[in-house]
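A short worksheet on the structure shown next.
The values are calculated or read from the model by the stated rules, or taken from the named source; none is laboratory data. Please read these numbers as outputs of a predicted model, since none were measured by experiment. All Cβ positions, even for glycine, are placed from backbone atoms using ideal geometry, and neighbour counts span all protein chains on display.
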Amino acid sequence: MRILRNNNPRRRLTHAVRLGGFLLGAWFALIPAVASHTVHATVHKRDSSEPAMRVMIVGSSVADGWKDSGGGYLWRTFDRLHHTFALPIDWINRAVPGAPATSLQPQYTGWLDSAHPQIVVLAWGGLDDAHAGTPVPLFASLIRQQIADALRHGSAVFMVTTPISRASYTQYPVLQQAYMTAEVNVARSFISPRVFVFNVFDQMKRYLALHHLTYVPFMADGWHPNTAGHKLAASILLRDIFHNHRLRALFSQWDGSLAPLDTNVSQGNPSAPPTNPVGS
C-alpha cells in the first residue's frame, strides 16, 4: 500500500523552506498554509463490512516520512501491522513539516472532532521546538494536553519518541533529549490502559552504542533520518508493539472496538517480533 502524497504548491514550498533553512519567521509564516495538510489512505479490506481502524498521526517532517523512499517509520510500522494481522486501516496524516508542537495546538482538538481516530500517534521530534525556543516545561504541558484531549475523545494514544538525527548528537543534543524525556515522563504519568509509550529515540541511541556505530549511516541530512534510519526506527517500534499482549489482541481481533485495551487479556504465546529493519 502507498500513502497518497499531497504534492500541491504549498507542500513544495514547505520542503523548500526546510531545505533552505530560512529564519524562524519564515517557518511561522508558512504554518497557516500547511496546517490543514491531511492524507487519508484506506487500506484494502478483506471484507467491505469490516470496520477500518482510524489511525491519526501528529508530528512534523520525520513523522511525515521525509527522506524515506518507503513512507517513513510510522507508515512502515502500520503497513507491517496491516499485513501481519490483515488489519484494515484508515491512515490520517496530520503531520505538518516545519511545525513546532506549540503551533498546532489550536487545530488539534478540531482534528480529533473531525477524524474520530481510534489511535492517536503523537510523534513530535522536538527539533522544530528547539529551533523555535519552546521551553521544556511548556512542551511538556502541551504533550499532557494532547494526550488528555485524545483520551477524552475516546482514543488510545501512542506516545512515540522520534528517530535520532545528526542534530541529536550535534546541534541539539541536550535540548532534544530533554524534550524526548519529557514526552516519556508525561505519558507515563497517565493512569490509563489506553496510553502507550514507545521510546524509539533512546533505543536507537542504545542500538548505535551497542553496535559501535555512528549516526552517519542512518542520516539523510542534519534533521532527518534516511531510509535506513526509518527502517531501524520502525523495527524498534514494531518490536515494542509485538511485545505488548494487549496490543496484539487489539490488532489481531480488531472489530472496531478498543475494548481489548481495557481488559486484562492473558499474554499467551507472544508473536515473534521483527528482528530486521522493516521494508525494502
- State the number of residues belonging to segment 190-229 that are under 30 Å from G154 (Cα atoms) and free of Cβ contacts under 8 Å to residues at least 12 places away in the same chain. 1
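Per-residue answers, yes or no, for (1) touching a Cys at 6+ places or on another chain (Cβ under 6 Å); (2) at pLDDT 95 or above; (3) over 14 Å from F190 (Cβ atoms); (4) surrounded by 22 or more Cβ atoms within 10 Å (Cβ to Cβ):
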position	(1), (2), (3), (4)
H116	no, yes, yes, no
V121	no, yes, yes, yes
W124	no, yes, yes, yes
P135	no, yes, yes, no
F139	no, yes, yes, yes
R144	no, yes, no, no
L151	no, yes, no, no
G154	no, yes, yes, no
